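Trainee: I have a structure here, written as structure tokens, and I will follow up with some questions on it.
The values are calculated or read from the model by the stated rules, or taken from the named source; none is laboratory data. Worth saying up front: this structure is predicted, and the values here are computed from it rather than measured. Every residue, glycine among them, receives a Cβ derived from its backbone with ideal geometry; neighbour counts consider all protein chains shown. Areas reflect the complete protein model, heavy atoms only, side chains present, ligands, DNA and RNA absent. Shrake-Rupley method; radii C 1.70, N 1.55, O 1.52, S 1.80 Å.
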Amino acid sequence: KTTLYNTSMLILLISFLFLSCQDTIVPQKWVGTWSTAPQLVEPHNMPPEPGLSNNTLRQVLRVSLGGDSLRVYFSNQYGTSPVKMNEVQIALSEGGSSIAENSIQTLTFNGNKTVTMKPGETTVSDAFAFKLENRSDLALTIHFGETSSQVTGHPGSRTSSYINEGNHISAKNLEKAIKAERWYILTGIDVKTTEEAGAVVIIGNSITDGRGSGTDKQNRWPDILSEQLLNNELTSQVALLNQGIGGNCVLKNCLGPSAIDRFERDVIRQSGVKWLIILHGVNDLGQTRDSTNAMQVAENLISAYEYMIDEAHKNNIKAYGATILPFGESFYYTDYRELARNTVNNWIRVSDRFDAVIDFDLLMRNPENTATLLPDVHTGDFLHPNEYGYQLMGQAIDSSLFE
């Protein structure tokens, strides 16, 4: 009887300890903390000499949401031959090409430190432990083998990358490196975080990509929004993914694939997305031939927005529509294009199809001439906001949309 009693008590104790441990486990999930939309890199944006093959590339980026485990995405989607990565390391950036050596972590791919992507392929690293704070700067260093002559990348990084001849993957500084304001091969980073966390993804063109922001300043309007959300207790678990491509169109292939064609890849397939912001269409309108064509493009943009809203909702993603900024006095302006812009913006405001409207047009337009931007918010081309303009845009968005 004593033995039976002791055994029963032991079982009860083990069960209690097990349940206690279960109660302390916090459910976690993967959420995208940084991304960039890949495209085929144009000839004038290709890696400068000495190029990528058999050399070292160090790329700097700023994440949004922190966490304790990461996984990293790479792409050879537009390559015509294989891309071999002999070794990939990640570390905290200390500015320029400098890294914190005590933070270096070597990535693996199915347990191997070397990986080859065939043409059209993408790959993701194995998950690895890495203590990451909100809005941290990371340096991702790749020692390449042979790489494709057609390169997958993102030309509008507004952030310095460093190419050094030979293998210098663990060097603290790449003092002899050639600088390039481009990202190559690298497309995203996920962070393991709490179940309550989620990401907002923004699809757009150069205004979202950050033309007019400061090089290495990380002050695009999505950056300003990210900082605002993370500093708010009610939205401190919201990550931000910037899927803008400079020169991109919604309805056709301009620079990079059209927003319709890349929507599944750049929005739906991203990890942990709960919200979508669409600020897109100015390049479609700016390339219209005449009034008939402009109004047809306006109607087609509206149909495209409806498609993206429906796809977002199917995946439990809220869709927010941002009005198209004024472009009066820019090289895009004509009376018929302005009429088409107002047609699209009016639909965004009154159709009630979006879950919310972010009225950048109202915020940024000159009240004395509503077809143009305020004189102090653009770069001088009357099309792209400057650093002050991006600050206004990011700060104007209501954080409660993401609670």
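Trainee: Contact list please: Cβ distance under 9 Å, first residue in the range 376-403 and closer than 14 Å to residue 322 by Cα and touching a residue at least 40 places away in the same chain (Cβ under 8 Å), second residue open to solvent by 50 Å² or more (accessible area, probe 1.4 Å) and outside any helix (DSSP H, G or I), pairs at least six apart or on different chains.
Mentor: Short answer, once both residue conditions are applied: 401/318; 401/355.
Trainee: I would also like to ask the following. Among the listed residues 172, 131, 179, 192, identify the single one that is open to solvent by 10 Å² or more (accessible area, probe 1.4 Å) and touching a Pro at 6+ places or on another chain (Cβ under 9 Å). Before the answer, list the steps.
Mentor: Numbers: 172 fails: touching a Pro at 6+ places or on another chain (Cβ under 9 Å); 131 fails: touching a Pro at 6+ places or on another chain (Cβ under 9 Å); 192 fails: touching a Pro at 6+ places or on another chain (Cβ under 9 Å).
Answer to the selection: 179.
Trainee: Scan the range 247-301 for residues that are β-branched (Val, Ile, Thr), touching a residue at least 60 places away in the same chain (Cβ under 8 Å) and under 24 Å from residue 314 (Cβ atoms) and report the count. So that I can check it myself, show each step before the final result.
Mentor: Filtering the range 247-301 down to residues β-branched (Val, Ile, Thr) leaves 250, 260, 267-268, 273, 277-278, 282, 288, 292, 297.
Checking the rest, the ones that are also touching a residue at least 60 places away in the same chain (Cβ under 8 Å) come to 267, 273, 277-278, 282.
From what is left, the residues that are under 24 Å from residue 314 (Cβ atoms) are 267, 273, 277-278.
Summing the residues that are β-branched (Val, Ile, Thr), touching a residue at least 60 places away in the same chain (Cβ under 8 Å) and under 24 Å from residue 314 (Cβ atoms) in the range 247-301 gives 4.
Trainee: Which of the numbered conditions does residue 207 fail, given that it passes all the others? Conditions: (1) surrounded by fewer than 18 Cβ atoms within 10 Å (Cβ to Cβ); (2) out of contact with any helix residue (DSSP H, G or I) (no Cβ under 7 Å at 6 or more places or on another chain); (3) among the β-branched types (Val, Ile, Thr).
Mentor: Every listed condition holds for residue 207 apart from (1).
Trainee: Mind checking which pairs have a first residue in the range 80-97 that is buried (at least 21 other Cβ atoms within 10 Å of the Cβ) and a second that is in a loop (DSSP other than H, G, I, E, B) and of a type in the set (Gly, Ala, Ser), Cβ under 6 Å, 6 or more apart or different chains?
Mentor: Filtered contacts from the range 80-97: 83/148; 91/100; 97/177.
Trainee: Let me ask something additional. Looking only at the range 335-352, count every residue that is surrounded by fewer than 16 Cβ atoms within 10 Å (Cβ to Cβ) and either polar (S, T, N, Q) or closer than 20 Å to residue 381 by Cβ (or both) and tell me the total.
Mentor: Number satisfying all stated conditions: 3.
Trainee: Further question: Got a sec? Which of 223, 261 is among the charged types (D, E, K, R) and either under 18 Å from residue 183 (Cα atoms) or assigned to a loop (DSSP other than H, G, I, E, B) (or both)? So that I can check it myself, show each step before the final result.
Mentor: Details: 261 fails: either under 18 Å from residue 183 (Cα atoms) or assigned to a loop (DSSP other than H, G, I, E, B) (or both).
After ruling out the rest, the residue left standing is 223.
Trainee: Restricting attention to the range 225-238, does a residue exist that is in contact with a Pro (Cβ under 9 Å, 6 or more places away or on another chain) and either of a type in the set (Lys, Arg) or crowded, with 24+ Cβ neighbours inside 10 Å (or both)?
Mentor: In the first step, residues of the range 225-238 are kept if they are in contact with a Pro (Cβ under 9 Å, 6 or more places away or on another chain); the result is none.
Taking every residue of the range 225-238 in turn, none turns out to be in contact with a Pro (Cβ under 9 Å, 6 or more places away or on another chain) and either of a type in the set (Lys, Arg) or crowded, with 24+ Cβ neighbours inside 10 Å (or both).
Trainee: So, in the range 107-123, how many residues would count as being free of Cβ contacts under 8 Å to residues at least 60 places away in the same chain, of a type in the set (Val, Ile, Thr) and surrounded by 15 or more Cβ atoms within 10 Å (Cβ to Cβ)?
Mentor: 4
Trainee: Checking the conditions here, which among 376, 361 is among the charged types (D, E, K, R) and open to solvent by less than 20 Å² (accessible area, probe 1.4 Å)?
Mentor: 361
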